[in-house]
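See structure below.
The values are calculated or read from the model by the stated rules, or taken from the named source; none is laboratory data. From a predicted model like this one, the values you see are computed outputs, not experimental measurements. With ideal geometry, Cβ positions are generated from the backbone for all residues, glycine too; neighbour counts draw on all protein chains shown.
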Amino acid sequence: MNDFSSFPLIDRNDHEILMHRDAHFSGSFEAMLSYYTEEGKGVQPEFEIKRIKQLKEMEEKSQQNLSDIFLDEEEKEEVRKAKEKYLYLRELYEKEASSASTLIADLILTEDHEATKEIASIEQIQSSALPLLIDLISQEDFYNPLFPGYGHAPALAAACLGKMKDPQAIPALFEALGRSDFFTEDAIMEALQKIGLPAKDFLQKALQKEPFSKDNENAAAALLSFPVDESLSEMFFSLLLNPSSLKRPHFIAYLILGCEGLKKKNLQEQFKAYIEHLPSRDAKEEASLVCRNW
């Protein structure tokens with residue numbers, strides 16, 4: 001029986017390190033440490049180099065693959081799926097020397113944070129790349145840092161879609177909201193903003209749809225990335241007055257912020273009077289701040 005007491009796997013983070021190593025670095029701690037030392041694009045900030053070295057030492061001491069010992073079947077299956085996706089992309093290059101598909105693969109696999117070259121290449125073939133980009137941003141796997149692209153691919157796809165400004169991308173971009181980190185969220189909202197009026201019209205319809213749900217919150221957040229105008233603020237205010245909105249604290253917060261563009265004095269007075277009906281101190285303070293900004 002091996003003694004791992006000096007370097008115990010004490011939390012989920014160690015499992016994540018092993019999965020990350022197996023998926024991206026062919027099970028090699030050496031390759032992983034080299035990549036982390038050079039601060040590559042896929043570095044996960046929660047994985048400390050010190051801990052990776054400890055796990056490497058632990059594996060060498062035991063002379064067993066730590067993944068075989070500690071990862072459960074579900075974790076191993078997730079790694080297998082990630083490696084299969086790498087294999088699929090590799091085979092794509094072998095089958096198609098240069099195509100829309102290989103340019104999308106370049107976008108996924110690039111180590112350039114901005115993917116400047118890859119995005120420029122995709123811009124040259126907009127119509128053929130559009131359905132592939134929509135498919136990419138719709139695939140749950142690519143939001144997972146364990147898969148090719150380290151979870152960054154959807155944000156890069158959104159950047160491409162924003163440059164194309166094609167309204168066909170709007171539903172997929174909207175569905176992608178709320179799936180990932182703030183960086184990806186910002187990229188998706190920026191893409192919607194660049195598409196312009198068709199995206200704004202879509203979001204306004206989603207904002208008003210009842211019963212209220214997470215979709216209404218996502219629509220509100222996305223609309224706040226557009227320039228605030230009087231008609232949009234009046235829409236936000238009418239929804240704030242709907243008693244059903246009071247059941248959703250995040251929705252209320254967005255609606256309050258959206259009221260900043262109210263211009264009519266009677267509506268401003270109604271807003272001030274409604275502050276006392278808001279369900280929390282934070283909501284009341286935020287509403288008071290909106291009033292002071294008029």
- Message: Quick test for you: out of Glu73, Glu16, pick the one residue that is within 23 Å of Gly149 (Cβ to Cβ) and modelled with pLDDT of 95 or more.
- Response: Glu16
- Which of (1) surrounded by fewer than 24 Cβ atoms within 10 Å (Cβ to Cβ); (2) touching a Leu at 6+ places or on another chain (Cβ under 7 Å) does Ile188 not meet, given it meets every other one? (1)
- Residue pairs meeting the criteria (Cβ under 9 Å; at least 6 apart or on separate chains; first without any contact (Cβ under 8 Å) to a residue 12 or more places away in the chain, in the stretch 276-294; second surrounded by fewer than 13 Cβ atoms within 10 Å (Cβ to Cβ) and of a type outside the set (Val, Ile, Thr)): Lys284/Glu276
- Query: Does Glu94 satisfy the criteria of being crowded, with 16+ Cβ neighbours inside 10 Å and of a type in the set (D, E, K, R)?
  - Reply: no
- Among the residues of the stretch 101-115, is there at least one that is of a type outside the set (Asp, Glu) and at positive phi? yes
- Task: Inspect the stretch 144-152 for any residue being small (Gly, Ala, Ser), within 30 Å of Leu18 (Cα to Cα) and at pLDDT 95 or above and give the result as yes or no.
- Result: yes
- Item | Considering residues of the stretch 221-268 that are charged (D, E, K, R) and over 26 Å from Glu190 (Cβ atoms) only, the residue surrounded by the fewest Cβ atoms within 10 Å (Cβ to Cβ) | Lys265
- Message: Please go through the stretch 143-154 and give me each residue that is of a type in the set (A, V, I, L, M) and either assigned by TED's automatic domain parsing to the domain that holds Asp22 or surrounded by fewer than 24 Cβ atoms within 10 Å (Cβ to Cβ) (or both), ordered by number.
- Response: Leu146
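Residue by residue, here is whether (1) touching a residue at least 12 places away in the same chain (Cβ under 8 Å); (2) outside the structural domain of Arg179 (by TED's automatic domain parsing); (3) touching a strand residue (DSSP E or B) at 6+ places or on another chain (Cβ under 8 Å) holds:
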position: Met58; (1), (2), (3): yes, yes, no
position: Arg80; (1), (2), (3): no, no, no
position: Glu84; (1), (2), (3): no, no, no
position: Leu109; (1), (2), (3): yes, no, no
position: Lys117; (1), (2), (3): no, no, no
position: Asp141; (1), (2), (3): yes, no, no
- Has the stretch 131-153 got at least one residue that is in contact with a helix residue (DSSP H, G or I) (Cβ under 8 Å, 6 or more places away or on another chain), of a type in the set (Phe, Trp, Tyr) and within 27 Å of Ala219 (Cβ to Cβ)? yes
- Item | Hits in the stretch 123-143 (condition: of a type in the set (Val, Ile, Thr) and within 21 Å of the chain's Cα centre (by Cα)) | Ile134, Ile137
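Here's the yes/no breakdown for (1) among the hydrophobic types (A, V, I, L, M, F, W, C); (2) within 29 Å of Ser245 (Cα to Cα):
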{"position": "Phe142", "(1), (2)": "yes, no"}
{"position": "Ala153", "(1), (2)": "yes, no"}
{"position": "Ala158", "(1), (2)": "yes, no"}
{"position": "Lys165", "(1), (2)": "no, no"}
{"position": "Phe174", "(1), (2)": "yes, yes"}
{"position": "Gly196", "(1), (2)": "no, yes"}
{"position": "Phe212", "(1), (2)": "yes, yes"}
- Message: What pairs come out if I take residues in the stretch 22-41 that are among the basic types (Lys, Arg) and pair them with residues that are at pLDDT 95 or above whose C-beta lies under 8 Å away, six or more apart or interchain?
- Response: Lys41/Thr110; Lys41/Glu111; Lys41/Asp112; Lys41/Tyr150; Lys41/His152
- What do you reckon, is Lys272 under 11 Å from Ser233 (Cα atoms) and of a type outside the set (A, V, I, L, M)? no
- Task: With the condition kept exactly as written, say whether any residue in the stretch 166-179 is more than 20 Å from the chain's Cα centre (by Cα), farther than 22 Å from Ser121 by Cα and exposed (fewer than 14 other Cβ atoms within 10 Å of the Cβ).
- Result: no
- Query: So which residues in the stretch 59-86 are of a type outside the set (Asp, Glu) and exposed (fewer than 11 other Cβ atoms within 10 Å of the Cβ)?
  - Reply: Gln63
- Task: Among the residues of the stretch 152-184, write down those that are touching a residue at least 12 places away in the same chain (Cβ under 8 Å) and either aromatic (Phe, Trp, Tyr) or on the phi > 0 side of the Ramachandran plot (or both).
- Result: Lys165, Phe174, Gly178, Phe183
- Task: Could you tell me whether the stretch 107-123 includes any residue that is closer than 23 Å to Phe25 by Cβ and modelled with pLDDT under 95?
- Result: yes
- Message: Regarding the stretch 163-183, can at least one residue be identified that is part of a helix (DSSP H, G or I) and among the basic types (Lys, Arg)?
- Response: yes
